[in-house]
Amino acid sequence: MESQQDILANIKRRQFWDFVFALTGLMSLLFALITLITLIVDLSLTGVPRITLDFFTSFPSRFAGKAGILSAWVGSFCVMITTAFCAIPLGVAAGVYLEEYSKKNWVSQIIELNIINLAGIPSITYGLMALGLFVYQLKLGQSILTAGLTLGLLVLPIIIVTTREAIRAIPNAIREASYAMGASKWQTIRHHILPYSSGGIMTGVIISLSRAIGETAPLITIGALTFIAFLPTAPISDVPPFINLKWLMDPFTVMPIQMFNWLSRPQAEFHVNAAATGVILLMMTLIMNGGAIYLRSRFRKKMKW
Amino acid sequence: MKWILSLPLVFLVNAAQAQVPVIKIDGSSTVFPITEAVSEEFQISKSGKVRVTVGISGTGGGFKKFCRGEIDVQNASRPIQEKEIENCRKAGIKFLEIPIAFDATAVVVNPKNTWAKQITVAELKKMWEPAAQGKIVNWSDVNPAWPKEKIKLYGAGSDSGTFDYFTEAIVGKSKSSRGDYTASEDDNTLVTGVSKDVNALGYIPMAYYEENKSKIKALPVVGGPKAPGKDKAIYPSRETVENGTYYPLSRPVFIYVSETSMKKPEIKEFVDFYVKNSATLVPEVKYVPLPAAAYQESLKNIKANKLGTVFGGHSEVGLKIDELMKRERSL
């Protein structure tokens with residue numbers, strides 16, 4: 001039989017290891033945080049003074065002081081819109097189908113496994129696929145549409161997975177109540193499942209877009225350009241039918257590519273431009289992620305079950 | 001929701017509208033800054049009536065696109081090679097070859113390196129040839145007068161035009177190099193590497209040396225018997241590159257224009273603009289311009305529509321520019 005002392009010693013030993021583990025965890029966290037903060041501070045110190053209004057409204061130039069990111073941020077923006085337009089309907093619909101309609105058998109299990117695998121494929125592979133399929137087979141060229149479709153495919157698995165998780169969080173009682181009132185399956189989805197899960201879905205969408213905005217590899221593979229000193233065709237025109245989709249087929253560049261090009265220049269002034277672009281890109285990602293967190297907490301508050 | 005159905009219609013209607021002409025340029029990252037400068041000025045002078053796009057897919061990648069007819073102008077940091085000529089011939093693409101500037105490679109060491117005052121082509125060859133791998137490890141292995149310290153080599157990655165030319169000029173065969181050195185496609189990485197290591201030696205494009213003179217120093221190169229300066233050690237500079245005494249590490253860079261594209265008025269205008277303004281724009285982006293006579297000769301060649309390359313499918317080391325301009329061309 002153990003004496004009281006033994007027990008006390010045992011507790012002490014366990015508490016010690018508990019403390020060691022907590023300390024290790026804290027250190028790991030601090031290590032990651034400090035690295036990140038150093039990077040951000042270093043980038044900001046170099047880049048922030050360069051961020052002026054002119055920087056957003058000027059085209060790239062051979063003079064570092066005159067160069068700006070107008071074509072790059074407009075390009076990024078257009079590509080993001082196209083990506084969202086392609087990926088969201090497809091991703092959400094696929095998620096709803098897998099969660100609400102598909103039978104749980106080996107086929108659906110294989111599909112499920114593949115979606116998870118897709119999320120882990122290196123992005124350059126999507127670029128190679130897009131080069132073969134969109135650029136050469138479908139002859140879409142090195143256009144905003146090609147880029148949007150490529151990044152759309154890239155983020156599709158993320159959207160599917162988050163949609164499914166958001167739907168899974170809805171208690172079955174809601175569905176049963178809806179059916180009990182005589183609603184059809186589609187009515188249940190349309191009026192209950194989708195609205196209740198929209199917070200989670202939006203979060204997934206925003207996070208996936210903030211991943212897409214920083215992607216460079218697949219866009220370089222499909223042949224995104226480096227120097228562009230003009231904007232895509234305006235989406236609105238003064239002649240009927242007033243809406244213009246020609247911009248989808250226009251050549252483009254995006255912020256990470258512009259940044260990469262400036263970074264590889266010999267002149268230090270261009271490196272400052274690259275840092276400034278980096279800060280802006282970082283801010284955009286932070287704002288998008290912040291928005292995602294806000295949305296999630298808002299929708300959580302509204303839900304009462 | 002019905003408006004969605006009308007979208008394809010909108011698309012078709014718009015596609016039928018008049019197009020703003022686009023000049024598509026791609027290829028070498030070495031030539032990119034020059035073409036960027038020219039495109040910038042050209043678009044300003046045309047006040048947006050012509051659009052120019054410039055991509056970077058490397059000289060090799062660019063020639064693939066060029067010989068498929070995907071681009072109008074190709075930036076090339078070396079002459080077109082035999083295989084590429086063959087590809088262009090098969091696709092029926094004829095082209096104009098226009099030299100537009102000089103690019104030089106500087107051999108650089110750490111500023112604290114006190115022993116190396118100059119370097120000969122033979123010494124460079126001893127250091128960089130494939131047989132040196134694992135054997136030439138100390139500075140003293142290259143030259144007994146140098147210390148018995150480990151030599152750290154930094155050079156261009158194998159996808160770069162600088163790599164192709166350096167190996168051709170030093171080792172004698174393009175792409176033939178030792179593999180155990182720090183290779184990077186990003187020249188700034190090489191500059192940082194050499195600036196942090198007393199025992200380092202590297203080769204980088206001259207523009208990168210000029211921007212970093214406080215961090216690294218260039219070694220004057222002794223060209224040897226084939227060089228115009230024989231045994232004199234020559235520093236890389238605008239003068240020595242222009243007059244051809246910085247031998248053998250300087251070379252002309254080119255643009256290639258497809259003949260079909262040349263028939264479009266905006267591209268003809270762009271190419272003329274390029275050649276006429278190179279003398280002022282090339283030094284602005286830190287490259288060495290060709291002698292004025294060479295640009296004049298190019299304008300004449302463009303006018304006479306002289307197609308083909310003067311190189312016959314391979315690079316040549318230490319070529320004089322006036323010699324080059326007078327040569328016969330072949331497709």
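The values are calculated or read from the model by the stated rules, or taken from the named source; none is laboratory data. Predicted model, so just to flag it, every value in this text is computed and none were measured. Glycine also receives a Cβ, built like all others from the backbone with ideal geometry; neighbour counts cover every protein chain displayed.
Annotations for the structure displayed:
- Complete set of residues in the stretch B:216-234 that are closer than 27 Å to B:G58 by Cβ and either outside any strand (DSSP E or B) or in the same structural domain as B:F66 (by TED's automatic domain parsing) (or both): B:I216
A quick yes/no check of all residues on (1) within 28 Å of B:E242 (Cβ to Cβ); (2) not assigned by TED's automatic domain parsing to the domain that holds B:D72:
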| position | (1), (2) |
| --- | --- |
| B:I85 | no, no |
| B:C88 | no, no |
| B:Q118 | yes, yes |
| B:E123 | yes, yes |
| B:N138 | no, yes |
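- Residue match in the stretch A:88-103 (condition: β-branched (V, I, T), surrounded by 15 or more Cβ atoms within 10 Å (Cβ to Cβ) and under 30 Å from B:G61 (Cα atoms)): no
- Here the stretch B:216-227 is the region considered, the condition is being out of contact with any Lys or Arg (no Cβ under 9 Å at 6 or more places or on another chain) and touching a residue at least 12 places away in the same chain (Cβ under 8 Å), and the residue that is nearest to the other protein chains (Cβ to nearest Cβ) is B:I216.
- Test: residue in the stretch A:281-290 that is part of a helix (DSSP H, G or I), small (G, A, S), closer than 30 Å to A:I167 by Cα and assigned by TED's automatic domain parsing to the domain that holds A:A84: yes
- A:T277 away from chain B (no Cβ under 11 Å), assigned to a helix (DSSP H, G or I), hydroxyl-bearing (S, T, Y) and under 21 Å from the mean Cα position of the chain (by Cα): yes
- Condition check for B:K83: surrounded by fewer than 15 Cβ atoms within 10 Å (Cβ to Cβ) and either aliphatic (A, V, I, L, M) or in a loop (DSSP other than H, G, I, E, B) (or both): no
- Scoring A:A87 on the criteria (1) among the aliphatic types (A, V, I, L, M); (2) closer than 30 Å to A:N114 by Cβ; (3) not assigned by TED's automatic domain parsing to the domain that holds A:I116 leaves a single failure, condition (3).
- Output for the stretch A:237-255, where each listed residue is in contact (Cβ under 8 Å) with a residue 60 or more places away in the chain and in a helix (DSSP H, G or I): A:W247, A:L248, A:M249, A:M255
- Those residues of the stretch B:56-68 which are at pLDDT below 90 and assigned to a loop (DSSP other than H, G, I, E, B), in sequence order: B:I56, B:S57
- Residues being farther than 24 Å from B:P283 by Cβ and either in contact with a helix residue (DSSP H, G or I) (Cβ under 9 Å, 6 or more places away or on another chain) or facing chain A (nearest Cβ under 7 Å) (or both) - total across the stretch B:30-66: 12
- Listing of helices (runs of 4 or more DSSP H) fully contained in the stretch B:235-306 that carry 1 or more residues being surrounded by 15 or more Cβ atoms within 10 Å (Cβ to Cβ) and among the β-branched types (V, I, T): B:238-242, B:265-284, B:292-303
- If you go through the stretch A:51-64 and pick out every residue that is exposed (fewer than 13 other Cβ atoms within 10 Å of the Cβ) and either in contact with a strand residue (DSSP E or B) (Cβ under 8 Å, 6 or more places away or on another chain) or outside any helix (DSSP H, G or I) (or both), you end up with 1.
- Taking the criterion of being more than 13 Å from A:L219 (Cβ to Cβ), surrounded by 12 or more Cβ atoms within 10 Å (Cβ to Cβ) and either among the β-branched types (V, I, T) or without any contact (Cβ under 8 Å) to a residue 40 or more places away in the chain (or both), the residues of the stretch A:117-128 that qualify are A:L118, A:I121, A:T125.
- Within the option set B:Y235, B:Y256, being of a type in the set (F, W, Y) and within 23 Å of B:N113 (Cβ to Cβ) holds for one residue only, B:Y235.
- Residue ID - surrounded by the most Cβ atoms within 10 Å (Cβ to Cβ), chosen from residues in the stretch A:1-50 that are among the β-branched types (V, I, T) and in contact (Cβ under 8 Å) with a residue 24 or more places away in the chain: A:T46
- Failed item in (1) part of a strand (DSSP E or B); (2) closer than 30 Å to B:L96 by Cα; (3) modelled with pLDDT under 90, with B:A183 passing the rest: (2)
- The lone exception for A:G68 - which of (1) in the same structural domain as A:F270 (by TED's automatic domain parsing); (2) in contact (Cβ under 8 Å) with a residue 60 or more places away in the chain; (3) under 28 Å from the mean Cα position of the chain (by Cα) it fails: (2)
- Number of positions in the stretch B:1-46 that are at pLDDT 85 or above, of a type in the set (G, A, S) and surrounded by fewer than 20 Cβ atoms within 10 Å (Cβ to Cβ): 1
- Taken over the stretch B:126-172, residues that are part of a helix (DSSP H, G or I), surrounded by 16 or more Cβ atoms within 10 Å (Cβ to Cβ) and in contact (Cβ under 8 Å) with a residue 40 or more places away in the chain amount to 12.
- Single residue of A:G223, A:G199 found to be within 14 Å of chain B (Cβ to nearest Cβ) and crowded, with 17+ Cβ neighbours inside 10 Å: A:G223
- Here A:L295 meets the list (1) in contact with a strand residue (DSSP E or B) (Cβ under 7 Å, 6 or more places away or on another chain); (2) surrounded by fewer than 19 Cβ atoms within 10 Å (Cβ to Cβ) almost entirely, failing just condition (1).
- Boolean, A:F63 is under 26 Å from B:V285 (Cα atoms), touching a Leu at 6+ places or on another chain (Cβ under 7 Å) and of a type outside the set (S, T, Y): no
- Exclusive hit being over 17 Å from the mean Cα position of the chain (by Cα) and at pLDDT below 90, set A:Y179, A:Y196: A:Y196
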